[in-house]
Structure formats: structure tokens, C-alpha cells
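S.K.: One structure, pasted below without further comment.
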Amino acid sequence: MKTLILMRHAKSSWSTPLTDVERPLNSRGAEAAAKLGDWLRSKNLHPDEILCSYAVRTMETTERLALGRNYTPVRQLYLASSGRLYEHLTRAMGKTVLLVAHNPGIGDFAHDLTRAPAAHPRFADYPTGATSVFTFDINSWSDLKLRSGTLTRFVIPREL
């Protein structure tokens, strides 16, 4: 059994003229990321591998989760499509993997993975901070098939 925590980065700042990859979190996003970390710990969800886009806002989201895990930012996950996210996940080694990336790819990937979409009204648009937890009946991520995941949890920061 494998578990995937799929998370869109928290709310970013548009207050200064930076390139897209340089945009940091705003104060609301920083607070939301910390709350998401608390939520993950309260659900006993502890990733043993973290895949994260190299954009500042995804790295800050990951750091503010405070999960006590090292991660290496991955350039190819920046604005990655569902297909690119899939490729990277199939090379993962952890039992529980956290993947932090961007829309539209991350939202598309959530839909591509699940057997049945969440009844939650925000699953369709996958807003900032949206977090899904999937389980897969596989021994290796290389065995991952689309539409094979069981969606066990979905939350957005506003609900925390």
C-alpha cells in the first residue's frame, strides 16, 4: 500500500514585481501552510519522501508544513502537467509521498488519479493549499496506474 499527499502551494504574493518562479507566499499563505502541516500531523500523515517544485512559493509551503523532512526542489515540477507529475511520482521511493506543485497540473493530476472525485465543491478547481490524500494498492510507485487511487481525504486551508 502506498499513500500520496497531493498539495497545491499555499496563497502567493503579488505585491512586488517578481518573476513567477520567484513569487513568495503572502501572509495568508504562510499561515495556511502551517495549518496544513498541523492537519497532516493530526491525521498521522508523515511523508517519508517529498517532491516539490523549485518555485519559491512551493518551497516556502513545504518548509512551513514543518514536517521535519528534507526535500530537494525539482525544476521539472514547476508548472508541470499532470503527465509530468505522474512521471516523477512513478520514480518515487517512499511509502508515503508528499508532492507539492502548481495548478492547473496538480488539480488535473488529482482528477486523473482518483477512481471517484471528491464530493467537495472545491475539488474541481483545486484552490491554493488544496490537499488530497490518496491510497494505492501497489508495492512500487512504478506500478501506479491512473484512476486507481482511493481518495481518503480532501481539505482546503479555509476549513482548518
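The values are calculated or read from the model by the stated rules, or taken from the named source; none is laboratory data. It should be emphasised that the depicted structure is a prediction, and the values quoted were computed from it without experimental measurement. Cβ atoms come from the backbone with ideal geometry, glycine included; neighbour counts cover every protein chain shown. Each accessible area value is taken on the protein alone, full model and side chains, heavy atoms only, with ligands, DNA and RNA left out. Shrake-Rupley method; radii C 1.70, N 1.55, O 1.52, S 1.80 Å.
S.K.: Within region 40-74, how many residues turn out to be of a type in the set (A, V, I, L, M, F, W, C) and under 18 Å from T135 (Cα atoms)?
M.R.: Selection size over region 40-74: 4.
S.K.: Suppose the filter is surrounded by 18 or more Cβ atoms within 10 Å (Cβ to Cβ) and at negative phi; does R57 pass it?
M.R.: It is true that R57 is surrounded by 18 or more Cβ atoms within 10 Å (Cβ to Cβ) and at negative phi.
S.K.: Can you confirm whether region 36-53 contains a residue that is polar (S, T, N, Q), closer than 25 Å to L146 by Cβ and touching a Gly at 6+ places or on another chain (Cβ under 9 Å)?
M.R.: no
S.K.: For a quick check of your reading: which strands (runs of 3 or more DSSP E) sit entirely within region 86-160 and have at least 3 residues that are touching a residue at least 12 places away in the same chain (Cβ under 8 Å) and not aliphatic (A, V, I, L, M)?
M.R.: 131-136, 150-155
S.K.: Could you tell me whether any residue of region 62-72 is of a type in the set (S, T, Y), open to solvent by 80 Å² or more (accessible area, probe 1.4 Å) and either touching a helix residue (DSSP H, G or I) at 6+ places or on another chain (Cβ under 8 Å) or not in a helix (DSSP H, G or I) (or both)? Don't jump to the end; show me each part of the working.
M.R.: From region 62-72, those of a type in the set (S, T, Y) are 62, 71-72; that's our starting set.
Those still in the list that are open to solvent by 80 Å² or more (accessible area, probe 1.4 Å) too: 72.
From what is left, the residues that are either touching a helix residue (DSSP H, G or I) at 6+ places or on another chain (Cβ under 8 Å) or not in a helix (DSSP H, G or I) (or both) are 72.
Checked against the condition, which is being of a type in the set (S, T, Y), open to solvent by 80 Å² or more (accessible area, probe 1.4 Å) and either touching a helix residue (DSSP H, G or I) at 6+ places or on another chain (Cβ under 8 Å) or not in a helix (DSSP H, G or I) (or both), region 62-72 yields at least one hit.
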